[in-house]
Amino acid sequence: MLQGLHRQGLERVVLCPGSRSGPLALAAGGLVRAGLLKLTTALDERSAAFLAVGSATASGRATAVITTSGTAVANLLPAAVEADRSSQPLLLLTADRPIRLKHCGANQTVNQEQFLQPVCRWCASGPDVGLDAASPPQLLQLAKQAWHQAHHWPGPVHLNLPFEEPLHPSAEQQAAFWSDWSPVQESIDCLESPPAGSASMAVASLPVPLAPELELDPDRPGVVVAGPWRGLADQRPAFEAALHRWQQRSGWPVLVDPLAAVPATLAGQVRSWDLLLPDQLPLPAGVAVNELQLLRLGPMPASRRLEAWLQRCTGPHLLITEGEERSLDPLQCACQWSGGLARWPQIQLKANEACLPFPPVEPEPEADNAWSALWQQRDRRIAAWLEQRLPVRGGISEPALMFALSRLLPPGLPLMLAASSPVRDWQAFAVADRDLRPCFSFRGASGIDGTLSLGLGLAAVLGRSLLITGDLALLHDSNGWLQAGQASGSGPLLILLIDNAGGGIFQQLPVPAAPAEAFEQLFAMPQQTDPLALAAAHGIATRQIACLDDLASALEWGLSQSGPALLRVCTDRQGDAALRTELRREVLEITMAPALESS
C-alpha cells in the first residue's frame, strides 16, 4: 500500500512510535532505505501531524503520518482541522485492532475510525479482519483513491488500518523479505495512475463550474483584494498570470495581503492598506459606494478595518476561490465562484500563458487610473513615513521590529507568521518588504496550535526559513522542540520569539476585565518558563537581542546555523498596544500632508 502511495506521488512520511503500527513502520523503513521515501520520526502525534501539514503546504502534495491505535489517533485532530480549513492535502494512516478485538474491552481499542470524520475529505478502512486479508490490487486501489481524495479538493484523508497478530516478524524474516524485494513490481506498474510527482493531476481534471452569475466591468472602477493563498503550490503560476492579466486590463489597484500569491512585478499594489483604511483611500471621483466593483481572491485577510470598508462598499462584489466551495464570505455580501482565477471566463487564460511572467495584455487607453495612482502614492508615503517614525535603532517595539525585519531579511527567505499578533503586525508595518517573499500563516482555523511544528515542516521542504512567533504560541507547541532537536527531518529554521510576557493579542482587543488586575490571570496568562533554557535543553542554539541595533548581526548569526536556532526579543505589550493606536492616529495627518522626502 505504501508503494502504491509512492506511485501516486507520496514522498514524505512522519512516523510515530507504536506496536500495532509496527508493520507500517517496517514497510516505511524499507522504502526509505530503497530511496523511495523520506522519513521523519516524531514522538508526539499532535506535533507530527502539524509538521506534516507544514511540509504538505510547502510542497503542494500530501505528507503521510503513521500512528498506532488509541488516543494517538485523537491527537491528530487539531492538525486535521487546520488542513481541512486551509485546504492542504494530508494523509493520516492509523493502525487499529481487528474486528474481533473491537467493542469488547480489549486494551487500547477505541472507536478511532470515527474520530476524524467531521474534518476529513474521505475516511476509509482496510479489511476489518486485518490488512493482510486485502489483495495487492485492493491495496493499490485504496492507495490510489486516498491520494486522489486528498488532492481533488485538497484536505485530510484518514485510512484506518486494522492489523492482526503476529505484528513483528523476526529479524531473519525481515532480512529474507527485503533481500527478495524489488521496488519495481508488475502489480505496481500495471496500476493506472499518474507518475510519481504529479500530485496535481486530479486537480487539473476538475470540471470548470458554471460561469459566475456576476460579471465585472474592467472599464469601470474597481478594487482587487488579494487574500491569503489557499491552493496547491503548483497552481500558483497560473493564478499569478491570471491576476497579472486582469490588473493590466482593468488598471484596478490591488490590496495585497502578505499571504497572497501575488508576483512582485504586479502593478497597482497597495501594501499599507491596513493603515489607510477605512478613510484614507478615497473612491474615484463621481463613483458612489454602491458602484465600486470588488474582486476578492481567496479568504478574508485578518483585518477588521478591511471588513468594515467592504461592508460600506455595496457595489458588485465577486469572490473567487481556488476550488473551495464552502463559503468564504463572512460578510455575506459577495457572489462566490469556486472555479479558480485562471479559469474565470472573463480572463480565459490559455494553458501556455501560465508559464509567461508577463501575459501580453495592455490596459485600455481610455481607462482612468488617476485614483489608483493616488492610492499607490499614499502607500509610498506611508512607507517613507514609517522609515522615519520607526528607525532601526534603540529599544524594541513590535511595530518597529516588523518594519526593521522587512528591511533586513534576505530576499526570498521564506517566512512563517504565527496566527496572532505577528501576522497582523507584518501586514500593517512590514511595508518595506516589497520583494513579496514566500509568506505563510496557518489561518484556516486561526489558532496558535502547532506553530513550531508547522514551521519545521515548511523548512524541511523549503530549506532555510524564518518563523516569527509570540511566547504563548511557542510554548503551546513546546513538543515541537523534540523535532527541532533531532538531526533528521528538521530543516534549518530560525525562530524569532517576540516575548511580551503573555497573550499580546488580547491587549489589542476590547477585552475589559473587572477588576483590572484580573486581565493578566484570565486573558494574558504570562508564563514563568524560560524559553531560552527550554530550547537549550533540546540542543537548540539561542541568543537574546537587547536592541534593534543588534538585530542585523543576530539575524546573520541565526541564519548561518546548520540547524534550528532561536532568537528572543522582549517587548512591552501594553506599550506596544498604545503605540499601534498612536501610529494609526498619525496616519491621517501623514496622508494629508505634503509629500515626504525619502530618508
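Out of the stretch 302-324, which residues are assigned to a loop (DSSP other than H, G, I, E, B) and under 24 Å from the mean Cα position of the chain (by Cα)? Ala302, Ser303, Thr321, Gly323, Glu324 - these are the residues of the stretch 302-324 that are assigned to a loop (DSSP other than H, G, I, E, B) and under 24 Å from the mean Cα position of the chain (by Cα). Screening the candidates Leu467, Leu472 for the property of being within 21 Å of Gly60 (Cβ to Cβ) and free of Cβ contacts under 8 Å to residues at least 60 places away in the same chain yields one hit, Leu467. Between Leu93, Leu43, which is surrounded by fewer than 21 Cβ atoms within 10 Å (Cβ to Cβ) and of a type in the set (A, V, I, L, M)? Unique residue meeting the criteria: Leu43.
Taking the stretch 325-342 as the search range and keeping residues that are within 20 Å of Leu232 (Cβ to Cβ), surrounded by fewer than 21 Cβ atoms within 10 Å (Cβ to Cβ) and not polar (S, T, N, Q), which one is farthest from the chain's Cα centre (by Cα)? By that ranking, first place goes to Gly339.
Only a single item in (1) open to solvent by less than 40 Å² (accessible area, probe 1.4 Å); (2) of a type in the set (Gly, Ala, Ser); (3) touching a Leu at 6+ places or on another chain (Cβ under 6 Å); (4) touching a residue at least 60 places away in the same chain (Cβ under 8 Å) is not met by Ala535, and it is number (4). The number of residues in the stretch 542-595 being surrounded by 13 or more Cβ atoms within 10 Å (Cβ to Cβ), of a type outside the set (Asp, Glu) and not in a helix (DSSP H, G or I) comes to 14. Inspection of the stretch 222-234 identifies no residue that is at negative phi and in contact with a helix residue (DSSP H, G or I) (Cβ under 6 Å, 6 or more places away or on another chain).
Selection within the stretch 425-462: residues that are open to solvent by 10 Å² or more (accessible area, probe 1.4 Å) and among the small types (Gly, Ala, Ser). The member of this set that is farthest from Arg46 (Cα to Cα) is Ala432. Just so you know, in the stretch 247-274 the residues that are open to solvent by less than 10 Å² (accessible area, probe 1.4 Å) and part of a helix (DSSP H, G or I) include one that is nearest to Arg305 (Cα to Cα), and it is Asp274.
Looking at Arg304, is it basic (Lys, Arg) and open to solvent by 10 Å² or more (accessible area, probe 1.4 Å)? Against the criterion (basic (Lys, Arg) and open to solvent by 10 Å² or more (accessible area, probe 1.4 Å)), Arg304 qualifies.
Here the stretch 1-15 is the region considered, the condition is being of a type outside the set (A, V, I, L, M) and under 19 Å from Ala460 (Cα atoms), and the residue that is farthest from the chain's Cα centre (by Cα) is His6. Once the stretch 16-40 is narrowed to residues that are over 27 Å from the mean Cα position of the chain (by Cα) and among the polar types (S, T, N, Q), the residue that is most open to solvent (accessible area, probe 1.4 Å) is Ser19.
Pairs are defined by a Cβ separation below 9 Å, a sequence spacing of at least 6 or placement on different chains, a first member in the stretch 109-129 that is more than 21 Å from Gly323 (Cβ to Cβ), and a second member that is part of a loop (DSSP other than H, G, I, E, B) and open to solvent by 60 Å² or more (accessible area, probe 1.4 Å); the pairs so defined are Thr109/His103; Asn111/His103. If you go through the stretch 401-425 and keep only what is in a helix (DSSP H, G or I) and farther than 20 Å from Gly558 by Cα, you end up with Ser421, Val423, Arg424, Asp425. Is there a residue being surrounded by fewer than 22 Cβ atoms within 10 Å (Cβ to Cβ) and closer than 19 Å to Gly126 by Cα anywhere in the stretch 50-72? Yes, the stretch 50-72 contains a residue that is surrounded by fewer than 22 Cβ atoms within 10 Å (Cβ to Cβ) and closer than 19 Å to Gly126 by Cα.
Regarding Leu466, is this residue more than 20 Å from Glu582 (Cα to Cα) and crowded, with 23+ Cβ neighbours inside 10 Å? Criteria met by Leu466.
The values are calculated or read from the model by the stated rules, or taken from the named source; none is laboratory data. Please read these numbers as outputs of a predicted model, since none were measured by experiment. Every residue, glycine as well, gets a Cβ built from its backbone with ideal geometry; the counts of neighbours run over all protein chains shown. Accessible surface is based on the protein model in full, side chains and every heavy atom, while ligands, DNA and RNA are left aside. Shrake-Rupley method; radii C 1.70, N 1.55, O 1.52, S 1.80 Å.
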